[in-house]
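Notes to accompany the following structure.
The values are calculated or read from the model by the stated rules, or taken from the named source; none is laboratory data. Everything quoted here is computed from the prediction, not taken from an experiment. Because the Cβ atoms are built from the backbone with ideal geometry, glycine has one as well, and the counts that use them run over all protein chains shown. Surface accessibility is based on the protein's heavy atoms, side chains included, excluding ligands, DNA and RNA. Shrake-Rupley method; radii C 1.70, N 1.55, O 1.52, S 1.80 Å.
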Amino acid sequence: MVMENYEKKGILQPKNDVVFQALFGRGKERITKAMLEDILKIKIHKLDLDKGKDLVNDNKESKNGRVDLRAVINDNIECDIEIQLSTHEKMIERFLYYWAKMYVANLKIGQKYKGLRKTISIIIVDDEIKQFRGIHKAHTKWQLREEKYKEIILTSFCELNIIEMSKAIQEYENNKQDEILQWMMFLDNPENKEVAEIMEENEDIKEAKEELDKISQDDLLRRMALKADLAQRDHEQLMYEAERDGRELGLKLGREEGLEIGRAEGREKGIKEGRQEGRQEGRQEGKAEGIKEGEKKAKLEDARKMLEEELTLEQIMRITGLTKEEIMEDMETSKK
C-alpha cells in the first residue's frame, strides 16, 4: 500500500489499548519514564519495559489476566499501567485481582517471602467510577492503612493509583500546571488546542505527541487499532443490550405481579407457570433476532470504515465475518 500523507490518515488515539502499548511500551523509553515519574512522584533511575503483560497462573481453574503495560522500576518495584474505556459494577474487585496476580507473579515455588516486592497498579479510567462519585479529585492513591490510625500504613508494598480521566479534564481548568492532568489531556485528545499549549512548556508531552504522529503512519498498527476499536464497540453494544433487556424484563414482571394479585388463588399457580414459559420462549426468540440484526448492522458500518482505511475485501471479511455478497450489497445501497 502506498504511504498516505498524515492529514488523510489522521492521528491514532492513545486511549486505544493497542496504540497505548505501542506508544509507551515499544516507543521511546524516556516518554514512559517521564509519565511514570509524574504519576508516582518518584525518581526513576532504571526502567525495564521488557516484562511480559500476561499474568499467568498454573491453576487452570483460576482466572488469568492481561495488562496494557508492565514494567520494573529501579530493579525493585513492579508496576503495571492500563487504560479502561468502560466501567462496570465489579471494577474495584478487578483492580485488586490484577494487583494480586502481579504481586505473587515473581515468587516462584519454594522461594521465601522476601522475594516479594513493592507492586504498584496504575489504572486510567475513561469514565467515572460509581464508587468514587463522592471523591472530587481525579487521581486517588490507595494503600492498606489502620482503621483508626490512618497515618499508619500496614505495608508500602501495596499501592493502587486510579485516575478518572473525565474528572482530570474538569480539574485541569483550575490546575493547568499539574503534570498528571496534562498527561490525561494528551491521552484524551492529543489534537486538543489545550494540548498544543501544554506542549509549549512540557517537552515530554511534546515528544510523546511527535512519537504518536510517527506511529500513526504504521499501516499494520492502524489495522490493529481498528480491530481493537471494533472489539470495544461490540462489548459496549452487548452490555447495552443486556442492561436494556434486564430493564424491560423488570417492568414486565412488575406489571404481571400486579395482575396476579387480582386473580383467583386457585388459578394463580398455573397462570404464573404458563406466563413464565411463554416469557422465556418469546424473550429468547426476540432477543436472538434483535441481536443478530443489530450485530449485522454494526458490522456493515465497520466494513464501510475499513473500506475507507483501504483494507482489502478479504481482510474485511475475516475481521467482520461478513460475506462478500453482504459487503457488496451494502456498498451498492450506500451509493444510492
Next on the checklist: Using square roots of five times the C-alpha gyration tensor eigenvalues, list the equivalent-ellipsoid semi-axes of region 107-229 in whole Å, biggest first.
Outcome noted: 32, 23, 15
Checklist entry - If you keep only loop residues by DSSP, which trypsin sites (Lys or Arg not before Pro) in region 106-212 have at most 10 other Cβ atoms within 10 Å of their Cβ? => result Lys108, Lys112, Arg133, Lys148, Lys150
Next on the checklist: Report the gain in length on full extension from Asn189 to Lys108: 0.36 nm times residue separation, minus Cα-Cα distance, nm rounded to one decimal.
Outcome noted: 25.0 nm
Checklist outcome for this item: Reported to the nearest 10 Å², Glu308 has, with a 1.4 Å probe, an accessible area equal to 150 Å²
Checklist entry - Of the GluC sites (Glu not before Pro) in region 141-206, which ones lie in a loop per DSSP and count no more than 13 other C-beta atoms within 10 Å? => result Glu146, Glu147, Glu151, Glu173, Glu191, Glu200, Glu201
Checklist outcome for this item: Here, Ala100 and Glu332, labelled 7 Å along Cα→Cβ, have an inter-label distance in nm of 5.7 nm
Next on the checklist: With the crude spin-label approximation of a point 7 Å out along Cα→Cβ, what separation in nm comes out for Glu173 versus Glu210?
Outcome noted: 3.3 nm
Next on the checklist: Quick check for you: with a 1.4 Å probe and neighbouring chains kept, what is the accessible area per residue of region 161-233, in Å²?
Outcome noted: 47 Å²
Checklist outcome for this item: The correct pair for region 64-150, radius of gyration to one decimal and Dmax as a whole number, both in Å and from Cα atoms, is 14.8, 45
Next on the checklist: 7 Å from Cα along Cα→Cβ at both Ile135 and Lys305: what's the point-to-point distance in nm?
Outcome noted: 3.1 nm
